[in-house]
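Right, one structure below, let's go through it.
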Amino acid sequence: MRILDKIKVAIAEDDFRIADIHEKFLDKFKEIDVIGKSLNGEQTLQLLEQKTPDLLLLDVYMPDMLGSELLPMIRENFPKVSIIMITAATDKVFLEKALSYGVENYLIKPVSRERFDEVIQDFIKKHSLLSATQEVNQNYVDLLFRKGKNEVPSKSSGLPKGIDEITLGKVKAVFHVRREGISAEDVGKEIGASRITARRYLEYLSSKQEVRAEVVYGIVGRPERKYYPVS
């Protein structure tokens, strides 16, 4: 997957008002594209077939079938889609079934905006890590499986102010795709950020000797700072 590809999200919720609220919540994330909504189980299966989302927000109580009843069908026919359940169901049997089918998270209504954002941010980070072409080592695996409150926040992870762990991961991922020298402007385009933001992260990586910076002179003699991965 290219770095610029957005995460495609579908919402399965029988109450269109709640579905609209969740869609508005998702609008704040530039990494996400809501590609469709469904009001029942049948529509949900059709949506998965037609749109192939990366993530499904799934309610339990729908008019034609329970969302928990959809789980085995989804896993059989759409094994790659990730699922976050958002429901008023507090019966433990639903939670156990969700866990057995590898659901990413389970949110109980009413969901606070803060908690919703936290769960979605966790998923974005996990998706970004899985999309990056890099060696699988223990540090990579630990980052992948660290979620929610078990995750060490950036402010205590040793990163300086202005350096976000997720954005830093995206910048690093650029060098796994493009091994040649690359400018801050090009990196900014790859990760969907400004040249100034990209340069801040590149200079940080340069200070950590994870990339190498060189001044390159173009045809007209204008110097340009380019960054190269350190082998």
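Here are the numbers for this structure:
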| quantity | calculated |
| --- | --- |
| Under-5 Å amide H pairs with residue 78, H placed in peptide plane, nonlocal only | none |
| Amide H contacts under 5 Å for residue 65, placed H, 5+ residues apart | 41 |
| J(HN,Hα) series, region 88-99, from Karplus relation 6.51 cos²θ - 1.76 cosθ + 1.60, nearest Hz, glycine and proline x | 8, 5, 10, 5, 4, 4, 5, 4, 4, 5, 4, 5 |
| Peptides ranked, highest mean first, by Cβ atoms within 10 Å: ranges 81-89, 163-171 | 81-89, 163-171 |
| Angle between the chain longest axis and helix 67-77 axis [Cα atoms, degrees, rounded to 10] | 60 |
| Largest to smallest principal axis extent of the C-alpha atoms in the chain, angstrom | 68, 35, 30 |
| Order of exposure, largest accessible area first, which applies to 189, 226, 6, 125 with probe 1.4 Å | 189, 6, 226, 125 |
| Cα→Cβ-extended label distance, 7 Å offset, between residue 80 and residue 178, nm | 2.5 |
| Amide H partners (placed H, <5 Å) of residue 37, local residues excluded | 11 |
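The values are calculated or read from the model by the stated rules, or taken from the named source; none is laboratory data. Predicted model, so just to flag it, every value in this text is computed and none were measured. Because the Cβ atoms are built from the backbone with ideal geometry, glycine has one as well, and the counts that use them run over all protein chains shown. Ligands, DNA and RNA are excluded from the accessible area calculation, which covers all protein heavy atoms including side chains. Shrake-Rupley method; radii C 1.70, N 1.55, O 1.52, S 1.80 Å.
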